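These notes are about the structure you will find just below.
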Amino acid sequence: MKRPFRIAVTGAAGSISNSLLFRLAAGEVFGTDQPIILQLIERSEAMEALRGLAMELEDCAFPLLHAVRLHDNPEDGFRNVHFAFLIGAKPRGPGMERADLLAANAEIFSRQGRALNDHANPDVKVLVVGNPANTNALIASRNAPDLSPSQFTAMSRLDHNRAKGMIANRTGFNTADIRKVAVWGNHSASQFPDVRNAEAMGEPIWPGLDHDWVDNTFIPRVQKRGAEIIDARGQSSAASAAQGAIDHMRDWYMGTPEGDFVSMCIVSDGSYGIAKGIVFSFPVRCRYGRYQIVQGLPIDDAAQKRLDATEKELLEEKDAVKHLLPAETEDAHNNLSVSLRSGANRYGEEDRDDDSEACVLRTDRVI
Ligand code: NAD
Ligand code: LMR
């Protein structure tokens, strides 16, 4: 039997986690032969709700779920974890812009970065979902000087899936037949969903698309889909965000399908002329637990303008939180080549306190 992966989820009693956790425990991310231990982290006010959710996890009798631990702080919650989903944050309400949330969430993510640095497995893979996701990931990463910036990513996979879904709906092809969609930049209304290189059943779709529709309907609709959903539901996307998180982590860990690429927000290494050291969504391919930016995609003047706009927004966000970015971590972010680590998962020291109060489920004592 494989040794379990330890997986931390923050905001574990929230809406996205409610969709995510059951699918994690069912094996949808790491495979149906990979046991897991869930280390769930919440604010103290939400611990009772979290206990209820843990009861439901127990009641599902998932064979892969070896333990569930509940924590009201990231220092304990990130102990020895191999993967971390950072979801907990204040969600955007109707009429609010992402920038309004920057300051409140910045504090949360600097503490979480330090906690990951000090307590997580040294090869931990981190996905930030909580908004503003790119800049939160930057803050967490800059506060984790002993980890590589390449271990911190943010989610643009929901935008990628949205783009794919809209193209499938427009062209009539099944989503499984559509490949090479890309999302560039910030997870915000400045992002650039790019279908110039997209294929359906191996054939380019760009020549057959109405370019006015792409510029005036498709791109703005993907950019503002989050707000469209908030207006319709009264709360932000949850199940589709959980799907994006599942797809992101699964592909990072398992690899991307042959002949396709996906979108991930990662620390820029200067590819495509994007400023180094910001967390920017690029098209990537994943293998052996690592990702690589897809190089050489054509960028015409119109595309360049869109890249410039979303890069500018991320530089402004970075500037707004610069007091939370320790200066000594700047070099590692600007020169990624010296800080890449192995993509392998290592096991830290075994936990000896799995019978502590935090552990509300344990099904591996007799193995
Ligand atoms: P939610 O309000 O339902 O849940 C958030 C949970 O986080 C709450 O239970 C809250 O108690 C918890 N929380 C807050 N601060 C915390 C902290 N410091 N530590 C641990 N837990 C904490 O929100 P949701 O719908 O699950 O959304 C979560 C975040 O994800 C929001 O920021 C939302 O904007 C963002 N989001 C991102 C994407 C994306 O594509 N990147 C998509 C959808 C939503
Ligand atoms: C989304 O894209 O659905 C979320 O990021 C929610 C938001 O604030 O747009």
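Of everything listed in (1) in contact (Cβ under 8 Å) with a residue 24 or more places away in the chain; (2) under 30 Å from Ser141 (Cα atoms), the single unmet condition for Gly270 is (1).
Scan the strands (runs of 3 or more DSSP E) fully inside region 254-303 and keep the ones with 2 or more residues being open to solvent by less than 10 Å² (accessible area, probe 1.4 Å) and in the same structural domain as Trp206 (by TED's automatic domain parsing).
262-267, 279-287
Of all residue pairs spaced 6 or more apart or on separate chains, those with beta-carbon atoms under 9 Å, a first member in region 214-232 that is within 14 Å of Arg170 (Cβ to Cβ) and a second member that is among the aromatic types (Phe, Trp, Tyr) are Val214/Trp206; Ile219/Phe192.
Looking only at region 53-67, which residues are within 16 Å of ligand 1 (Cβ to nearest atom) and either open to solvent by less than 30 Å² (accessible area, probe 1.4 Å) or modelled with pLDDT under 95 (or both)? Steps first, answer last, please.
Restricting attention to region 53-67, the residues satisfying the condition of being within 16 Å of ligand 1 (Cβ to nearest atom) are 53-54, 56-57.
If the condition is that a residue be within 16 Å of ligand 1 (Cβ to nearest atom) and either open to solvent by less than 30 Å² (accessible area, probe 1.4 Å) or modelled with pLDDT under 95 (or both), then Leu53, Ala54, Leu57 are the ones that fit.
Scanning region 109-120 finds one or more residues that are within 16 Å of ligand 2 (Cβ to nearest atom), in contact (Cβ under 8 Å) with a residue 24 or more places away in the chain and among the hydrophobic types (A, V, I, L, M, F, W, C).
Inside region 128-156, residues that are in contact with a Ser or Thr (Cβ under 6 Å, 6 or more places away or on another chain) and either open to solvent by 10 Å² or more (accessible area, probe 1.4 Å) or more than 14 Å from ligand 2 (Cβ to nearest atom) (or both) make up a count of 7. Applying the condition of being in a loop (DSSP other than H, G, I, E, B) and more than 12 Å from ligand 1 (Cβ to nearest atom) to region 205-243 and asking which residue is most open to solvent (accessible area, probe 1.4 Å) yields Lys224. Screening Ile246 against (1) surrounded by fewer than 20 Cβ atoms within 10 Å (Cβ to Cβ); (2) more than 16 Å from ligand 1 (Cβ to nearest atom); (3) outside any loop (DSSP other than H, G, I, E, B) leaves a single unmet condition, (2).
Among the residues in region 101-123, are any out of contact with any Lys or Arg (no Cβ under 7 Å at 6 or more places or on another chain), at pLDDT below 95 and farther than 17 Å from His323 by Cβ? There is no residue in region 101-123 that is out of contact with any Lys or Arg (no Cβ under 7 Å at 6 or more places or on another chain), at pLDDT below 95 and farther than 17 Å from His323 by Cβ.
The values are calculated or read from the model by the stated rules, or taken from the named source; none is laboratory data. Worth saying up front: this structure is predicted, and the values here are computed from it rather than measured. Quick reminder, even Gly has a Cβ in these numbers, built from the backbone with ideal geometry, and neighbours come from all protein chains shown. Ligands, DNA and RNA are excluded from the accessible area calculation, which covers all protein heavy atoms including side chains. Shrake-Rupley method; radii C 1.70, N 1.55, O 1.52, S 1.80 Å.
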